[in-house]
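Asks: Handing you this structure, nothing more for now.
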Amino acid sequence: MSELLHARPKISPPERPEQLPSPARGSLSFRNVTFRYPTRPEVAALKDFTLEVEPGETVAIVGPSGAGKSTIFQLVERFYDPQAGTIRLDGVPLTKADPADIRQRIAFVPQDGVLFSANARDNLRYGRWDASDEEIWEAARAANAESFLRNLPKGLDTFLGESGTRLSGGQQQRVAIARALLRDSPILLLDEATSALDAESELLVQQALDGLMANRTTLVIAHRLATVRKADRIVVLDEGRIVEQGTHRQLTDQGGLYARLASLQFAATEAA
Ligand SMILES: Nc1ncnc2c1ncn2[C@@H]1O[C@H](COP(=O)(O)OP(=O)(O)O)[C@@H](O)[C@H]1O
Ligand SMILES: [Mg+2]
């Protein structure tokens, strides 16, 4: 126990952290980033990865399992530092800033497992503890989550249970979206859920996401055709490298990895 208490994280604030510009612009830059997980040094999860994301831009990341998509998110949140290259948020290298300041500017919407065993209020305001009930309802409304939350037996005081058993998958996703709306951060990291939703939930989730992504820099690990079609740019990753980049139309015409993935992955869920 004492060993644990005395452990110092490898990622810690520099002595004199550089301030991120205020107000935030929301630009994100990766230059020649190479990263190996400490427990798997023989595999480079990202190799010489370079990507400039402009403020407000939506970039969809597509690639086979193990390509390095989630690793990009891990590095943006600075859970690890790359062995080579630099990642910058609004021009400031992540290693020069206070990790708390960086994370403050990021909202992450994970694929699933988004609920804590706590009441609805705490589940929603997890990204911003000082949010008022009024602000919570406003976010819930914008996330298409208001009506089912209003119908909970004790409203926001309702306990959501171990794995959110009271809410359907689509409802849980909308809670995660409402949480991110409340947080109102300039950077959004979105790991799109793969689980199939019924058509109505799908539409409600999609609308809620459109609202969340508007006017925000978004990196989305995309599993749906609708998402990649709407993205400003699609980046195709394979074995830690960017192998293709462009719009859905350009990449489909190119007939490479994207075209192949798209015909396999998207055809299963949607009639393209
Ligand atoms: N925590 C980890 N420790 C060691 N290796 C990891 C870890 N997470 C991912 N990897 C490895 O890094 C590579 C990229 O993984 P990941 O970014 O999760 O891919 P994707 O999200 O595209 O499926 C894979 O080879 C994977 O096995
Ligand atoms: Mg992943």
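The values are calculated or read from the model by the stated rules, or taken from the named source; none is laboratory data. None of these values were measured; they are calculated from a predicted model. Virtual Cβ from ideal backbone geometry, glycine too; neighbours counted across all protein chains shown.
Asks: Name the residues in the stretch 105-117 that are surrounded by 16 or more Cβ atoms within 10 Å (Cβ to Cβ) and either at pLDDT 95 or above or more than 13 Å from ligand 2 (Cβ to nearest atom) (or both), would you?
Replies: Answer for the stretch 105-117, where residues must be surrounded by 16 or more Cβ atoms within 10 Å (Cβ to Cβ) and either at pLDDT 95 or above or more than 13 Å from ligand 2 (Cβ to nearest atom) (or both): ARG105, ILE106, ALA107, VAL109, VAL114, LEU115.
A quick yes/no check of all residues on (1) loosely packed, with under 14 Cβ neighbours inside 10 Å; (2) among the aliphatic types (A, V, I, L, M); (3) at pLDDT below 95:
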residue	(1), (2), (3)
GLU3	yes, no, yes
HIS6	yes, no, yes
LYS10	yes, no, yes
ARG36	no, no, no
GLU42	yes, no, no
GLU52	yes, no, no
PRO55	no, no, no
ALA60	no, yes, no
LEU94	no, yes, no
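Asks: For the stretch 40-67, how many residues meet the condition of being under 28 Å from ASN215 (Cβ atoms) and in contact with a Leu (Cβ under 7 Å, 6 or more places away or on another chain)?
Replies: The total comes to 5.
Asks: Taking the options GLN245, GLN265, name whichever one is of a type in the set (S, T, N, Q) and at pLDDT 95 or above.
Replies: Sole residue among the options that is of a type in the set (S, T, N, Q) and at pLDDT 95 or above: GLN245.
Asks: Kindly evaluate ALA214 against the criterion of being within 19 Å of the chain's Cα centre (by Cα) and crowded, with 21+ Cβ neighbours inside 10 Å.
Replies: Judged against the criteria, ALA214 is not a match.
Asks: Sort out which residues of the stretch 15-54 are within 16 Å of ligand 1 (Cβ to nearest atom) and not in a strand (DSSP E or B), and write them in order of number.
Replies: Of everything in the stretch 15-54, those that are within 16 Å of ligand 1 (Cβ to nearest atom) and not in a strand (DSSP E or B) turn out to be ARG36, TYR37, PRO38, THR39, ARG40, PRO41, GLU42, VAL43, ALA44, ALA45.
Asks: Given the conditions (1) exposed (fewer than 13 other Cβ atoms within 10 Å of the Cβ); (2) under 16 Å from the mean Cα position of the chain (by Cα); (3) part of a loop (DSSP other than H, G, I, E, B), which single one is not true for PRO153?
Replies: All conditions are met except number (2).
Asks: Then there's this: Pick from THR218, THR194, THR158: which is over 23 Å from PHE116 (Cα atoms) and touching a residue at least 12 places away in the same chain (Cβ under 8 Å)?
Replies: Values: THR194 fails: over 23 Å from PHE116 (Cα atoms); THR158 fails: over 23 Å from PHE116 (Cα atoms).
Answer to the selection: THR218.
Asks: Could you tell me which residue of the stretch 178-223 is farthest from ligand 2 (Cβ to nearest atom), considering only residues that are part of a helix (DSSP H, G or I) and of a type in the set (S, T, N, Q)?
Replies: Only one residue tops the list, namely GLN207.
Asks: Another question, then. Given the condition in contact with a Lys or Arg (Cβ under 6 Å, 6 or more places away or on another chain) and either in a loop (DSSP other than H, G, I, E, B) or modelled with pLDDT under 95 (or both), answer yes or no: does some residue in the stretch 224-240 qualify?
Replies: Yes, the stretch 224-240 contains at least one residue that is in contact with a Lys or Arg (Cβ under 6 Å, 6 or more places away or on another chain) and either in a loop (DSSP other than H, G, I, E, B) or modelled with pLDDT under 95 (or both).
Asks: Is there a residue in the stretch 161-176 that is under 19 Å from the mean Cα position of the chain (by Cα) and within 16 Å of ligand 2 (Cβ to nearest atom)?
Replies: Looking through the stretch 161-176, none of the residues is under 19 Å from the mean Cα position of the chain (by Cα) and within 16 Å of ligand 2 (Cβ to nearest atom).
Asks: Which one is farthest from LYS230 (Cα to Cα) among residues in the stretch 55-86 that are polar (S, T, N, Q) and within 14 Å of ligand 1 (Cβ to nearest atom)?
Replies: Applying the filter and picking the extreme gives GLN83.
Asks: Something else about it: Restricting to the stretch 87-119, count the residues that are assigned to a loop (DSSP other than H, G, I, E, B) and within 16 Å of ligand 1 (Cβ to nearest atom).
Replies: Qualifying residue count, the stretch 87-119: 4.
Asks: Here is a follow-up. Of all residues in the stretch 37-89, which are more than 16 Å from ligand 2 (Cβ to nearest atom), more than 21 Å from SER12 (Cβ to Cβ) and among the charged types (D, E, K, R)?
Replies: Matches in the stretch 37-89: GLU42, LYS47, ASP48, GLU52, GLU54, GLU57.
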